[in-house]
Amino acid sequence: MEKWYLMTIVVLIGLTVRWTVSLNSYSGAGKPPMFGDYEAQRHWQEITFNLPVKQWYFNSSDNNLQYWGLDYPPLTAYHSLLCAYVAKFINPDWIALHTSRGYESQAHKLFMRTTVLIADLLIYIPAVVLYCCCLKEISTKKKIANALCILLYPGLILIDYGHFQYNSVSLGFALWGVLGVSCDCDLLGSLAFCLAINYKQMELYHALPFFCFLLGKCFKKGLKGKGFVLLVKLACIVVASFVLCWLPFFTEREQTLQVLRRLFPVDRGLFEDKVANIWCSFNVFLKIKDILPRHIQLIMSFCFTFLSLLPACIKLILQPSSKGFKFTLVSCALSFFLFSFQVHEKSILLVSLPVCLVLSEIPFMSTWFLLVSTFSMLPLLLKDELLMPSVVTTMAFFIACVTSFSIFEKTSEEELQLKSFSISVRKYLPCFTFLSRIIQYLFLISVITMVLLTLMTVTLDPPQKLPDLFSVLVCFVSCLNFLFFLVYFNIIIMWDSKSGRNQKKIS
Amino acid sequence: MAAFTIATGTGNWFSALALGVTLLKCLLIPTYHSTDFEVHRNWLAITHSLPISQWYYEATSEWTLDYPPFFAWFEYILSHVAKYFDQEMLNVHNLNYSSSRTLLFQRFSVIFMDVLFVYAVRECCKCIDGKKVGKELTEKPKFILSVLLLWNFGLLIVDHIHFQYNGFLFGLMLLSIARLFQKRHMEGAFLFAVLLHFKHIYLYVAPAYGVYLLRSYCFTANKPDGSIRWKSFSFVRVISLGLVVFLVSALSLGPFLALNQLPQVFSRLFPFKRGLCHAYWAPNFWALYNALDKVLSVIGPRGFLRCLTLCALSSFMFGWHVHEKAILLAILPMSLLSVGKAGDASIFLILTTTGHYSLFPLLFTAPELPIKILLMLLFTIYSISSLKTLFRRSFTLVAQAGVQWHDLS
């Protein structure tokens, strides 16, 4: 029973950090006329409460889509509606049609922050706790330490409780999906993941690994017997959950199309604002966004994305395993982040979640990645005046990881899961023995660069001719790091063999 | 990589605990702060912009200087750092000035001064010997004591939300207790004397110090049965103790004696007319009575700690103008006792849970409500479960239950 009191303490620490971060500013605070994501969420409560369902996604005199029009799937809308009912009970001014635009007050901030906390507490945190308890082959203390590190991951805390979003809902559902599918409750897992997709369409980044893993399981069970039954059941669950979520929007073809148009705004271009992906970084040298026509951009991003994730997914279909599934989630989401269309910097959280899940297996690399992922959002966090919480939570996360996993002692080839890879390389290059050293140096360079860039961005003013210099540098450096991780995770997946999996993990 | 680990200071658990709570304190910077914030800003202004002769006379603000001179000097030193943050806060007429830089400076100064508290906790941990208990780190008495002190709920919310400077003051007190345990009595006495001249509320526990030092330091030897050997009374030691107290007081009050301001200073420190003196001093008589009652049974540093806690509790229960924050005066020393014996642990748990709960009304704003509930739950759950685990283990050992303090009496 000792485990339960320690786990409770870990959850309490996580909640305390979350709430103290929420005391800070939110996106768009005091910045009319558009404000920010906080106002967007409040506006959606206003729209969903006051207008009939048919009008939620359409442009009308009551619903100006240019002013934070709904661009998430129906579950977000239902969640906003639920929050709106509570808001109406407390203070109807918060969601009054038209007049509540730009409403800001201490009480309202408290209400909005509380909705995030409750959603987190109900969906994401239980999933994390359960996931850590279900981890195999590690001691109780390590499970609890793992939970602490995941709950202290700064990126999610800063975006949800600082900037203001509800990522914990979609990521929580996705985590329940991972749990279900890994523990052979495939139907429940699929249901949870469908809910995740129907909350935020970005969860589609995770869809391929889920699909490949489940398909692989069906193949393994034999397509002529149990496998086929499973396949049919899964298909039914997926279809049923989509139909249930989209029911009000399936009545007319135009409704469905309009929602899809809002969810996938192909008109908005290859990327918007500064994001740490390939296209934005490439754009620094060659303005592809302006040179290439729109449809070419679409095709190009499509090709690159799918080419980079295909090997891992195919391997997952052929050799479905829980470990392969988690790593494929990472590499797939990272491929999408780096090469896909209209990626936002917050989408890195979709990669961070699976990396958190493999924290216990490759603590050193995971910690490194999670630090870079938080750093990549620096321009956004600075804009929201979240410098102090960012620095503090990052340091807390770093200390937690170092003390829980002794990450600096786990940098050997075997612990980085690169043993089979380096053995293969040594067949051609016998002198290839410095992999571990190289990676340690890369880590040092990476951390020093991140710290320096942070200091520069905070203390210096950019030169007049290049006002975005620091944001672009941050994105560029992060992109380089992410490319390295893409290669690394793909190597782990491709070189992961049965013999590697049978080795007992040393923790 | 090993060098990197050491460089980041996270090589051992104590640093991790200290760093962790420091980071939590940084997260508490934007929380609600009470009028005490303005009090200290005002004192920064007074000590910075006015000559010493004016310090205890200045009354532009209602929050006049009512702490002893060492604290005034402390504010004076702080003000020289403050001027780099925001010059405006040092203007005596800028009442209720609280720019973001002022807030940042004040909060950071509290966090920074807690370094003394961390050092004192480390010294106290050295005084515990937990060899007989299990090898699991989180079950070691040192670890538990460190958490109970470094992450103390009361200290966190009073110092880092409500706003006060209790951290380093309790650091001085714990350090003096640790020195007494380490048989460095003169240092212990000196540190306590210094503490008294920082905040005179610690006078409440002065009788405990007085009796203990008399008993264990001035009487150099005991009879075999543990009672006092009256002939071993050492005048030298009494005189040297007296000298230490006198020198510290001279350093503190000297300048004001020279300026003929002693009555004014005392009227600020003890703001009562003669008629009310009875009520103010009564609890000290109680405390003194309790303490003296136990003179013959005071054996060793642990007895001193009990005495001190008793003095603090009596003063809390019966004292005049007692703040709810004064419960910390009893809780923190009690923490040292709690990792020693099971009986002390249960008393500690009751005291700390009710004491901390009594601090709730200090934070009455809505955004701070979840913080105080979460931190309270955190501390209470941890203290109950860790102490329970600690003493459940020791019952299974053949040797006597509990851990031995380094008391050789």
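The values are calculated or read from the model by the stated rules, or taken from the named source; none is laboratory data. Note that this is a predicted model, so its numbers are computed, not measured. Because the Cβ atoms are built from the backbone with ideal geometry, glycine has one as well, and the counts that use them run over all protein chains shown. Keep in mind that these areas ignore ligands, DNA and RNA; they rest on the heavy atoms of the full protein, side chains included. Shrake-Rupley method; radii C 1.70, N 1.55, O 1.52, S 1.80 Å.
Against chain A, whose longest principal axis is taken from its Cα atoms, helix A:348-357 shows a tilt of about 50°. For B:F108, the accessible surface of its heavy atoms amounts to roughly 70 Å² (probe 1.4 Å, protein chains only, rounded to the nearest 10). In the complete set of protein chains, residue-level accessible area for B:W55 is approximately 0 Å², probe 1.4 angstrom.
Show me you know the interface measure: the accessible area buried between A and B, both chains summed, probe 1.4 Å, in Å² to the nearest 100.
Summing both sides, the interface buries roughly 2800 Å².
The figure for B:E38 is an accessible area of roughly 10 square angstrom, using a 1.4 Å probe on the protein chains alone. For A:F271, the residues whose amide H sits under 5 Å from its own are A:Q342, ignoring neighbours fewer than 5 places away on the same chain, with H placed 1.01 Å from N. Rounded, prolate or oblate: which one fits segment A:273-417, using the alpha carbon gyration tensor with axes a ≥ b ≥ c (rounded when a/c is under 1.5, else prolate when a/b beats b/c, else oblate)? Judged from the Cα gyration tensor, segment A:273-417 comes out oblate (a/c at least 1.5, b/c at or above a/b). Mean partner shielding of peptide A:9-20, defined as the number of other chain Cβ atoms within 10 Å of each residue Cβ, is 6. Accessible area per residue for chain A is 42 Å², calculated with a 1.4 Å probe on protein heavy atoms, without ligands, DNA or RNA.
With the highest mean first, a sort of the peptides A:5-13, B:91-99 on other beta-carbon atoms found within 10 angstrom per residue produces A:5-13, B:91-99.
Accessible area of chain A with a 1.4 Å probe: how many percent of it is carbon plus sulfur? Don't skip to the end; give the middle numbers.
Details: 14630 of 21220 Å².
Percent of accessible area from carbon and sulfur atoms in chain A: 69.
Phi angles across segment A:136-152 convert, under the Karplus curve 6.51 cos²θ - 1.76 cosθ + 1.60 with θ = phi - 60°, into 3J(HN,Hα) values of 9, 6, 9, 6, 4, 4, 5, 4, 5, 4, 4, 4, 4, 5, 5, 5, 8 Hz, Gly and Pro given as x.
3J(HN,Hα) along segment B:162-170, derived from phi through the Karplus expression 6.51 cos²θ - 1.76 cosθ + 1.60 where θ = phi - 60°, amounts to 4, 5, 8, 10, 5, x, 6, 5, 5 Hz, with x in place of Gly and Pro.
When Lys and Arg each count +1 and Asp and Glu each count -1, what net charge do the other residues less than 11 Å away from A:L357, Cβ to Cβ, add up to? Charge balance in the 11 Å sphere: +1.
For A:A96, the shell of other residues with beta-carbons less than 15 Å away shows a net charge of -2, using +1 for Lys and Arg and -1 for Asp and Glu.
Counting every Cα pair in chain A, what percent are over 32 Å apart?
Values: 54927 of 128271 pairs.
The calculated P(r) of chain A puts 43 percent of pairs beyond 32 Å.
By the gyration tensor of its Cα atoms, with a ≥ b ≥ c the square roots of the eigenvalues, what is the shape of the protein assembly as shown: rounded for a/c under 1.5, prolate for a/b over b/c, or oblate? Write down the numbers at each step before the final one.
Working: a/c = 2.23, a/b = 1.71, b/c = 1.31.
Prolate.
When the other protein chains are added to the chain by itself, burial of at least 30 square angstrom of heavy-atom accessible area (probe 1.4 Å, ligands and nucleic acids ignored) affects these residues of segment B:360-384: B:P367, B:P370, B:I371, B:L374, B:L378, B:I381, B:Y382. Against the criterion of solvent-accessible heavy-atom surface with a 1.4 angstrom probe, A:L316, B:L377, A:L188 sort, most first, into A:L188, B:L377, A:L316. Across segment A:289-298, coupling constants 3J(HN,Hα) worked out from phi with the 6.51/-1.76/1.60 Karplus curve, θ = phi - 60°, read 4, 8, 6, 7, x, 4, 5, 5, 4, 4 Hz, and Gly and Pro carry x.
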